[in-house]
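First the structure, in the form of structure tokens, and then the observations on it.
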Amino acid sequence: MSEKKHEEKILYHLNQNLLCSIDLLTTGPRPYYHDLLQICILPLNNFLKPLKSIVPFFIDIRPKRIENASYHKEDLIDMPTPGSRVSQEKFFEMVTRGVDSLAAADRFEEWFNKLQMRHNKRICILAHDYIFKMPFLIDWLGIQSYNAFFDPYYRDLVPAALFCNDKSNFKAENIPYPKVHLAYLASTTKTEIISHDLLGKCVAQAEIYTKMMWKFLG
């Protein structure tokens with residue numbers, strides 16, 4: 001088997017579901033009041049590297065409730081994830097070119113169908129602090145569509161880090177992750193975030209998760 005074909009395999013234990021690194025931007029921290037603004041979904045192979053055979057899903061979405069957008073400073077919009085801020089100019093550029101929310105959901109469904117997954121197979125999510133991001137996806141897609149597209153058993157860097165901390169605590173060792181925000185986890189695992197857009201963060205999330213697992217095994 002060639003190396004390329006080997007790289008394009010997906011994790012066999014996911015039972016033909018597809019692991020994807022996901023990150024998003026919103027117009028503020030409150031789901032059902034603030035809106036999804038941008039989303040990236042990056043399919044991963046069995047080495048947790050970007051799956052070369054599938055183009056990531058990346059789209060700007062026009063907010064349904066733009067008047068609710070939260071401002072951290074005069075020229076910044078605050079996002080729920082620390083460090084995820086865009087300038088006011090960039091925000092209005094994204095709003096102007098963004099796709100209508102319903103049309104964006106249709107485009108996502110078209111992208112999902114191109115994955116040609118078997119019946120009832122879904123996306124397994126790998127994210128950072130996903131518990132705060134999930135409601136925005138549900139608000140965007142609706143609960144039935146969300147459940148049809150995404151497996152409920154997601155992977156998350158935050159509980160993974162906390163589990164590693166608890167393991168070290170039980171062994172009377174120094175905890176490896178005293179902070180759990182993405183920049184700290186990247187620094188601790190010596191992971192370079194090549195670009196701070198959503199795609200760059202999705203790549204970094206997968207690399208951080210991989211290194212955390214190897215450290216845990218070591």
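Bear in mind these aren't lab numbers, they're just calculated from the coordinates by the rules spelled out. Owing to the predicted nature of the structure, the values given are computational and were not obtained by experimental measurement. Every residue, glycine among them, receives a Cβ derived from its backbone with ideal geometry; neighbour counts consider all protein chains shown.
Looking at Gly200, Thr210, Phe163, which one has the Cα that reaches farthest to the positive end of the dipole of region 160-214 (charges on Cβ: Lys, Arg +1; Asp, Glu -1)?
Ranked along the dipole, the leading option is Phe163.
Among Lys9/Lys114; Lys49/Lys211; Lys9/Lys121; Lys133/Lys211; Lys9/Lys49, which pairs are too far apart, with a Cα-Cα distance over 20 Å? Display every interim value, and only then the final one.
Numbers: Lys9/Lys114 17 Å; Lys49/Lys211 12 Å; Lys9/Lys121 16 Å; Lys133/Lys211 23 Å; Lys9/Lys49 11 Å.
Among Lys9/Lys114; Lys49/Lys211; Lys9/Lys121; Lys133/Lys211; Lys9/Lys49, the Cα-Cα distance tops 20 Å for Lys133/Lys211.
Using Cα-Cα distances under 8 Å and only pairs 6 or more residues apart, what relative contact order does region 3-156 have, in percent?
Computed over region 3-156, the figure is 25 percent.
So which residue, out of Ala69, Ala206, Ala148, gets the largest mean-square fluctuation from a GNM of the chain using Cα contacts under 10 Å as springs?
Of the options given, Ala148 has the highest mean-square fluctuation.
Assigning unit charges at the beta carbon (Lys, Arg +1; Asp, Glu -1) and nothing else, what dipole magnitude in debye, to the nearest 20, does region 3-156 show about its Cα centre?
580
Looking only at region 3-156, where both bridge partners belong to it, what percent of the DSSP beta bridges are antiparallel (to the nearest 5)? Spell out each step's value before the answer.
Values: 16 of 25 bridges.
Counting only bridges with both partners in region 3-156, antiparallel ones make up about 65 percent.
For mean projected area of the Cα convex hull in nm², one of (1) 14.5; (2) 12.3; (3) 13.4 was computed from the structure I shared and the rest are decoys. Which label?
Only one option fits the structure, namely (3).
Restricting to lysines 8 or more places apart or on different chains, can you count the pairs in region 157-205 with Cα atoms under 21 Å from each other?
Lysine pair count for region 157-205: 5.
By average Cβ neighbour count within 10 Å, what is the ranking of 151-157, 178-184 from highest down? Walk me through the numbers on the way to the answer.
Values: 151-157: 16.7, 178-184: 14.7.
Listed from highest to lowest mean packing, they are 151-157, 178-184.
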